[in-house]
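The values are calculated or read from the model by the stated rules, or taken from the named source; none is laboratory data. Since the structure is predicted, the reported quantities are computational estimates derived from the model, not experimental observations. No Cβ is skipped: glycine too gets one built from the backbone with ideal geometry, and neighbour counts run over all protein chains shown. Keep in mind that these areas ignore ligands, DNA and RNA; they rest on the heavy atoms of the full protein, side chains included. Shrake-Rupley method; radii C 1.70, N 1.55, O 1.52, S 1.80 Å.
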Amino acid sequence: MKWIGEQISFHEDKNRSTFIIYPKKKAIVNMLMGAWCGMWLVIGITMVWAFFTLKLTQQENIIIGIFMVFWTYYAQRVGRAFLWLLYGKEMLKINEVGLSIKRSIRGYGKAKEYFHENIDKMRVHQPKENSIQAAWEDSPWVSGGERLEFDYAGKVVRYGRKLSEKDAKMMFQMITKRVEAQVKQNRKNSVNNS
């Protein structure tokens with residue numbers, strides 16, 4: 001297993017290249033996110049306890065119900081972002097068929113296959129420095145911030161969560177070189193089979 005920068009490892013076989021992108025490991029960020037998730041969980045438990053234990057008016061029950069809908073939404077979003085920081089990774093596999101991308105947390109996740117002949121216009125997407133988008137995508141509670149993208153059957157597919165500009169450019173060069181080599185190999189094989 002070889003490394004590109006701090007977050008990306010890769011392995012190459014004759015007909016397959018595998019890349020694994022890990023989230024940035026920052027202990028203080030993980031501790032703060034864990035504390036925030038813990039406090040958010042305590043708030044939710046307290047509200048559920050209040051809903052079922054205290055004698056509340058109908059209006060108070062409605063308010064707690066509405067609050068719990070929002071609480072559940074943010075608990076799910078930030079909980080997934082926290083689990084991503086601790087156990088997440090993006091796995092890319094390039095073989096003779098196509099490019100496969102899998103976002104997983106502890107191995108759970110679904111791989112999506114993209115066929116070489118439908119991949120078009122691979123590029124690096126880097127938000128402008130000091131922009132709102134850059135600040136938002138770099139925040140720890142957001143799982144997004146993909147830095148690489150390509151067009152596929154009329155849609156934009158993004159991957160490479162929170163990569164630095166340097167790592168994104170190096171990975172872009174390696175992936176485009178491998179995808180182009182596979183496309184050339186597939187064309188050569190189809191001409192030879194004809």
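Mean residue ellipticity, 222 nm, helices only, the chain: the sum of -39500 (n - 2.57) across DSSP H runs of n ≥ 4, divided by residue count and rounded to 500, is -17000 deg cm²/dmol.
With respect to the cross-link table entries Lys162/Lys184; Lys25/Lys121; Lys26/Lys166; Lys166/Lys188; Lys93/Lys155; Lys14/Lys184, which display a Cα-Cα separation exceeding 23 Å?
Distance filter (> 23 Å) returns Lys162/Lys184; Lys25/Lys121; Lys166/Lys188.
Charge dipole of the range 1-68 (Cα centre as origin; +1 on each Lys and Arg Cβ, -1 on each Asp and Glu Cβ, all else neutral): 220 debye, rounded to the nearest 20. Protein heavy-atom surface of the range 1-68, 1.4 angstrom probe: 68% of the accessible area is carbon and sulfur, with nucleic acids and ligands not counted. Between Glu146 and Lys162, the built amide H atoms are under 5 Å apart, and every one of these is 5 or more places off in sequence or on another chain. Measuring between their Cα centroids, the range 14-34 and the range 61-91 lie 20 Å from each other. The residue list Gln126, Ile8, Ala153 was ranked by how far each Cα lies along the charge dipole of the chain toward its positive end, using unit charges on Cβ atoms, and Ile8 comes out on top. What fraction of the Cα pairs in the range 59-163, stated in percent, has a spacing above 24 angstrom? It works out to 41 percent of all Cα pairs.
Provide the FRET efficiency to the nearest 0.05 for the Ala75-Phe52 pair, computing r from the beta carbons and using R0 = 22 Å.
0.75
Here mean projected area of the Cα convex hull in nm² was computed from the coordinates, and among [x] 10.1; [y] 15.0; [z] 16.2 the match is [y].
Along the range 75-84 the Karplus relation, 6.51 cos²θ - 1.76 cosθ + 1.60 evaluated at θ = phi - 60°, assigns HN-Hα couplings of 5, 5, 5, 6, x, 5, 5, 5, 5, 4 Hz to successive residues, with x for each Gly and Pro. Taking the Cα centre of the range 97-194 as the origin and placing charges on Cβ (Lys, Arg +1; Asp, Glu -1), which of Ile105, Leu163, Asn192 is farthest toward the positive end of the dipole? About the Cα centre, the residue reaching furthest to the positive side is Asn192.
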